[in-house]
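First comes the structure, then the notes that go with it.
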Amino acid sequence: MNLEQIASCIAGYDPNALPVAQAQEFIARLVPRVEAVEQVAIRSALGRVLAADVVSPIDVPAHDNSAMDGYALRGSDLGAGGETRLIVAGAGFAGAQFAGEVPPGHCLRIMTGAVMPPEFDTVVPQEFTRLEGEHVVIPAGVVRPGDNRRLKGEDLARGEPALSRGRQLTPADLGLLASLGRAEVPVHRRLRVAFFSTGDELRSIGEPLDEGCVYDSNRYTIWGMLQRLGVDVLDLGVVRDEPAALEAAFRSAAASSDAVITSGGVSVGEADHTKQIMKRLGDVLFWRIAMRPGRPMAIGRISIGGHDALLFGLPGNPVAVMVTFYAFVRDALLRMAGATPQPLPLLRARCTSALRKKPGRTEYQRGIVSRSETGQWQVAITGSQGSGILRSMSQANGIVLLHHDQGDVAAGDEVDVVPFEGLI
Ligand code: AMP
Ligand code: MG
């Protein structure tokens, strides 16, 4: 089945007014997962996608140990009321276990992390105690049996799943793997993503800006967003609006990558050749999405010599490029890379101004989130929201997400904001 046939099975499918959620759902079903796996050292695994579950081979911690500097004792030695006096039999330090037997009525000086000898179940912190000759004196009520003991396996028990396949490894995960003694982990190979800009009006940095031309900025925002996703990138530059140049670019991009991202040339009534070449080389759908900014987008597959690459034809306007990337491409690439993308965390913030919003499309307004004097989150819209005004994106620290069915927003209403932190 080609994509047109698959898409026409979606209830109420209308390529000219496609809700964002429907487009996202369709793309999620379309993307294949990269199967190739490589073994890497844990420090090279930061941000990579784990290709297999990691099960703990050991108990972490491996022994019961002390959570405090103090004295290890038997809970049963603690007096019912009044002080407890115990003889200090010796000392145990982290990494150096006390070897001898300790009879009842005795205790052991113990340091944080030191192994608890089996006869002890309790640690009294040293600041609650005083020494009198060879005795330590513990006032009533400062410790109960079982206090300040870390149990063997309380972090992770042997055989327990520690990390699941599809997880993008974080600094905490690297530490967790190290705590299991793992030197290497299997990860999915990095995705390769090729991209280029289309449009005769585009000039690259270093070229003179001829009359009526603009510098190509999309290749830089796309490059930056791809870097944050941890994929390998192939930048094919600005491609002129000529069939032969476009065909060569699509062929070389698709042949050497898992996904191809282009910007420009997909709007309705676009005079240039981009859409024609996409149609000819691939199985491609042209959408007008019910969103702002954004709207035109092409999605499909290009098959070159038996190798399939996913195609994202993004709109040309610089803000629309970033918004469509975050709305559609980011999750798709994460899925292809083997990850299980989680919904982005949303912040509820009070909008400082009224916003006009038509129900029936998703809007992404650029906002500056801050804390009000009363400690509540508030968001102010960054000036003009034109889809060509990249400064609105640069000034913003988040996107105000106005949902499909939502209408006008009054000043002081709460809105959903996607913070850029962690996203961009
Ligand atoms: P298009 O979708 O090709 O009609 O482009 C829409 C608008 O975005 C036009 O004003 C283009 O000049 C602008 N544009 C397209 N591609 C780029 C780019 N790579 N960098 C900056 N502006 C662009
Ligand atoms: Mg164009």
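The values are calculated or read from the model by the stated rules, or taken from the named source; none is laboratory data. What you are looking at is a predicted structure, and each value in this text was computed from that prediction instead of being measured. Don't worry about glycine lacking a Cβ; one is built from the backbone with ideal geometry, like all the others, and counts go over all protein chains shown. Protein only, heavy atoms only, side chains kept; ligands, DNA and RNA dropped before computing areas. Shrake-Rupley method; radii C 1.70, N 1.55, O 1.52, S 1.80 Å.
Reported count of residues in region 225-255, each being touching a strand residue (DSSP E or B) at 6+ places or on another chain (Cβ under 6 Å) and either over 23 Å from Q276 (Cβ atoms) or hydroxyl-bearing (S, T, Y) (or both), is 5. Taking each residue of region 198-211 that is at negative phi and looking for partners that are more than 16 Å from ligand 2 (Cβ to nearest atom) with beta-carbon atoms closer than 9 Å, six or more apart or interchain, yields R203/L209; I205/Y220. Residue count for region 210-226 satisfying the condition of being open to solvent by 50 Å² or more (accessible area, probe 1.4 Å) and closer than 15 Å to A332 by Cα: 0.
Yes/no per residue for (1) open to solvent by 40 Å² or more (accessible area, probe 1.4 Å); (2) modelled with pLDDT of 95 or more; (3) in a strand (DSSP E or B); (4) not charged (D, E, K, R):
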residue: V136; (1), (2), (3), (4): no, yes, yes, yes
residue: G141; (1), (2), (3), (4): yes, no, no, yes
residue: D147; (1), (2), (3), (4): no, yes, no, no
residue: E154; (1), (2), (3), (4): yes, no, no, no
residue: R165; (1), (2), (3), (4): yes, yes, no, no
residue: A172; (1), (2), (3), (4): yes, yes, no, yes
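Taking A253 as the residue in question, decide whether it is over 26 Å from the mean Cα position of the chain (by Cα), at pLDDT 95 or above and farther than 18 Å from A320 by Cα. So A253 fits the description; yes. If E207 satisfies all but one of (1) surrounded by 14 or more Cβ atoms within 10 Å (Cβ to Cβ); (2) away from ligand 2 (no atom under 16 Å from the Cβ); (3) charged (D, E, K, R); (4) more than 30 Å from D155 (Cβ to Cβ), what's the number of the condition it fails? Of (1) surrounded by 14 or more Cβ atoms within 10 Å (Cβ to Cβ); (2) away from ligand 2 (no atom under 16 Å from the Cβ); (3) charged (D, E, K, R); (4) more than 30 Å from D155 (Cβ to Cβ), only one is false for E207: (1). Scanning region 256-281 for residues that are open to solvent by 20 Å² or more (accessible area, probe 1.4 Å), in contact with a strand residue (DSSP E or B) (Cβ under 6 Å, 6 or more places away or on another chain) and more than 17 Å from A23 (Cβ to Cβ) yields a single hit, L281. Of all residues in region 370-424, those that are open to solvent by 40 Å² or more (accessible area, probe 1.4 Å) and in a loop (DSSP other than H, G, I, E, B) total 20. Scan (1) more than 28 Å from the chain's Cα centre (by Cα); (2) part of a strand (DSSP E or B); (3) more than 16 Å from ligand 2 (Cβ to nearest atom) for the single condition A248 breaks and write down its number. So the condition that A248 fails would be (2). Here I222 passes the criteria (1) touching a strand residue (DSSP E or B) at 6+ places or on another chain (Cβ under 8 Å); (2) within 16 Å of ligand 1 (Cβ to nearest atom); (3) in contact (Cβ under 8 Å) with a residue 24 or more places away in the chain; (4) outside any helix (DSSP H, G or I) except the one numbered (4). For the condition small (G, A, S), within 16 Å of ligand 2 (Cβ to nearest atom), in the same structural domain as P15 (by TED's automatic domain parsing) and closer than 19 Å to T362 by Cβ, A327 does not qualify. Away from ligand 2 (no atom under 16 Å from the Cβ) and surrounded by fewer than 12 Cβ atoms within 10 Å (Cβ to Cβ), is that true of G367? No; evaluated as a whole, the condition is false for this residue. In region 180-204, the residue that is nearest to ligand 2 (Cβ to nearest atom) out of those that are hydroxyl-bearing (S, T, Y) and under 16 Å from G265 (Cα atoms) is T198.
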